[in-house]
Structure formats: structure tokens, C-alpha cells
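A.B. asks: Would you mind keeping the following structure in view while I ask a few things?
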């Protein structure tokens, strides 16, 4: 019998496919979805607008503490610049602490939830029913992100360098570094279609819910 509270944690680096996977799984199983990276993007955009780049820690902390639901509707949160700003502010422990309660409350909501980010299975929801760590080769991720940003004129080489810089920052930060949880299922999407990745993850979730 399905639990009234069922949490799926999906982690991984940028452009590995975790967001697409999370949205599809949430829709398939009737679960709420939270892209936690959007919280950090919103904080980064607000802090950079207030204090410039590189973002000062005090500005990032103030933005995190004042974050409102409407800030998540800003039209520029999916840009490469917003992603870079998110990676900067996510390395600040006080920012992560300010956003942690919101994420945990969302994860425990009635009906279940899917959360995707960098530290969901390790820090935000270490007791999640299902944990996935989604990855892909650097080159594959860069091609995917470049396709999204091609209209901006950015080069593939620049996108690849930016992804590697963000990976190093996210994995190397002292507080809540990006890494797979010990019990996470590793899902490499380099050679997988999104339909195949969704199918593999859905099978695992169905098995857990039925069990």
C-alpha cells in the first residue's frame, strides 16, 4: 500500500537530466515536485542584483532570509548567469541553513514529493524512500546545456568550462557537498534516452511504493 508521505530524492550535476526526470516522475506518480536549485537561483539573482558579482556573502544571506514564493516566478531563473549565481550562494552555509526548513517541510507534505538538487539524499532528505544520483559525461552535459543556450551565442567550450567550474565548486564546498548518498541508485544518462531513464527510475519507485 502506498504511503501518504513518500519522498523521492534526486541529485546530480547540472544538465545531467535530473530536473526533467523529476518532473516526469512527479507527474507519473501524482507527487508534488520541488526543483530546489530554483531556490538557490532565486537567491543568487536577488543577491547579485542588490550587490553585484561576485556576490558578497552578507547579500546572499539577506536574500535567502527574505526569499518569498513570488521570487521563484522570476523570468530569468533558467539562464546560465542565474546558474552561476546559484552555485556561488549555495557554497555559503548560512544560505543553505536558511533554505533547509522550507525544503524539508515540502518533502514531508501529504501525498508525497519529488525533490531534485545537489544534496537532497545526503542532507535535506537522508530518510527519503527512493534516492537517485543522476549523472552524465561532461561532454554530454555541455552539449545539452549548449542547445538550451545556443540563442545567446555562447560557445560549447565556454559552456563546458562553466559546468566543470560549477561541478568543482559544488563538490568541493565544505557544507553539504554534491555527492551520491551511500544508498542512492546511480543513473548515468549519457547513453540513455529520457524515456529509458524515466522507465528505470519509475520501476524502482513503483517497487518501493508497493513494498
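The values are calculated or read from the model by the stated rules, or taken from the named source; none is laboratory data. Remember, it's a predicted structure, so these values are computed and weren't measured experimentally. Here the Cβ positions follow ideal geometry from the backbone for every residue, glycine too, while neighbour counts run over all protein chains shown.
A.B. asks: Among (1) more than 28 Å from residue 143 (Cβ to Cβ); (2) at pLDDT below 95; (3) touching a helix residue (DSSP H, G or I) at 6+ places or on another chain (Cβ under 6 Å), where does residue 61 come up short?
C.D. replies: (2)
A.B. asks: When you scan the range 18-28, do you find a residue that is assigned to a loop (DSSP other than H, G, I, E, B), under 28 Å from residue 144 (Cα atoms) and in contact with a helix residue (DSSP H, G or I) (Cβ under 8 Å, 6 or more places away or on another chain), even just one?
C.D. replies: no
A.B. asks: Across the range 181-211, what is the total count of residues that are surrounded by 10 or more Cβ atoms within 10 Å (Cβ to Cβ), out of contact with any helix residue (DSSP H, G or I) (no Cβ under 7 Å at 6 or more places or on another chain) and under 17 Å from residue 125 (Cβ atoms)?
C.D. replies: Residues meeting the conditions: 4.
A.B. asks: If you don't mind, there's one more thing I want to ask. What single numbered condition from (1) over 14 Å from residue 37 (Cβ atoms); (2) crowded, with 20+ Cβ neighbours inside 10 Å; (3) in contact with a helix residue (DSSP H, G or I) (Cβ under 6 Å, 6 or more places away or on another chain) fails to hold for residue 112?
C.D. replies: Of the numbered conditions (1) over 14 Å from residue 37 (Cβ atoms); (2) crowded, with 20+ Cβ neighbours inside 10 Å; (3) in contact with a helix residue (DSSP H, G or I) (Cβ under 6 Å, 6 or more places away or on another chain), the odd one out for residue 112 is (3).
A.B. asks: Now a separate question. Looking at (1) in a helix (DSSP H, G or I); (2) at pLDDT 95 or above; (3) within 26 Å of residue 92 (Cα to Cα), can you tell me which one residue 140 breaks?
C.D. replies: Evaluating residue 140 over (1) in a helix (DSSP H, G or I); (2) at pLDDT 95 or above; (3) within 26 Å of residue 92 (Cα to Cα) leaves (3) as the failure.
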